[in-house]
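Report on one structure; see the data block that follows.
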Amino acid sequence: MSDASFHLVLFGAGHVGQALVTLLGQLPCVVQWVDAREALFPATVPANVAIEATDTPEALVDQAPPGAYFLVMTHDHALDFLLAQCIMRRRAVGYFGMIGSRTKRVKFERRLRERGVAAARIARMICPVGVPGILGKAPSSIALAVCAELLQQPPPASRGWD
């Protein structure tokens, strides 16, 4: 999709991921939807969504195009942390968000610092994700808040980590 406004690598095919893909399917973006649990993916997805069923999702971080967006919303905190480490090592990240609580963020910040990740890079990780003010906990409400946050990102020429 050459007129895509962003390329998103979405880790997690749970309820929120499914609700988010429904919304993103209506937008000018490309979505790589990644999860090891192949059975969770629906039989059909929007034309701008590609399913990646893999046992090594972390390998896809380095394969994403420069300026790619990364959104981590898996069912496994250990996998979330592995993906966060891989994304933090990568250059040319357009956006990195992770579903979770403020407590999760504090724990991940500490662990990333212990592994030598610079504070400035950690500060660019968005966790919890989603625009503020949407209080619903239903997957569709969370997906809407996250989609709105993705749409608020600056244009390609001005975004990126380095």
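The values are calculated or read from the model by the stated rules, or taken from the named source; none is laboratory data. Model, not experiment: these values are computed from the prediction. For neighbour counting, all protein chains shown are included, and Cβ atoms are generated from backbone atoms with ideal geometry for every residue, glycine included.
Tell me yes or no: at least one residue of region 2-16 is of a type in the set (D, E, K, R) and surrounded by 19 or more Cβ atoms within 10 Å (Cβ to Cβ). Walk me through how you get there before you give the answer.
Initial filter on region 2-16 (of a type in the set (D, E, K, R)): 3.
Now restrict to residues that are surrounded by 19 or more Cβ atoms within 10 Å (Cβ to Cβ): none.
Within region 2-16, none of the residues are of a type in the set (D, E, K, R) and surrounded by 19 or more Cβ atoms within 10 Å (Cβ to Cβ).
Answer yes or no: is there a residue in region 89-103 that is in contact with a Leu (Cβ under 6 Å, 6 or more places away or on another chain), closer than 17 Å to Gln153 by Cβ and either surrounded by 21 or more Cβ atoms within 10 Å (Cβ to Cβ) or polar (S, T, N, Q) (or both).
Checking region 89-103: at least one residue is in contact with a Leu (Cβ under 6 Å, 6 or more places away or on another chain), closer than 17 Å to Gln153 by Cβ and either surrounded by 21 or more Cβ atoms within 10 Å (Cβ to Cβ) or polar (S, T, N, Q) (or both).
Output the number of residues of region 40-83 satisfying the condition of being over 22 Å from Arg124 (Cα atoms), outside any strand (DSSP E or B) and either touching a Ser or Thr at 6+ places or on another chain (Cβ under 8 Å) or not β-branched (Val, Ile, Thr) (or both).
9
Would you check if Gly94 is under 17 Å from Val146 (Cβ atoms) and in contact (Cβ under 8 Å) with a residue 40 or more places away in the chain?
Spelling it out, Gly94 is indeed under 17 Å from Val146 (Cβ atoms) and in contact (Cβ under 8 Å) with a residue 40 or more places away in the chain.
Only residues that are of a type outside the set (Asp, Glu), more than 13 Å from the chain's Cα centre (by Cα) and not in a loop (DSSP other than H, G, I, E, B): list them for region 114-141, please.
Of everything in region 114-141, those that are of a type outside the set (Asp, Glu), more than 13 Å from the chain's Cα centre (by Cα) and not in a loop (DSSP other than H, G, I, E, B) turn out to be Ala119, Ala120, Arg121, Ile122, Ala123, Pro139, Ser140, Ser141.
Can you pull out every residue in region 84-113 that is of a type in the set (Ser, Thr, Tyr) and either touching a Gly at 6+ places or on another chain (Cβ under 8 Å) or part of a helix (DSSP H, G or I) (or both)?
Thr103
From the residues in region 146-162 that are at pLDDT 90 or above and closer than 26 Å to Arg110 by Cβ, which one is surrounded by the most Cβ atoms within 10 Å (Cβ to Cβ)?
Only one residue fits best here, namely Val146.
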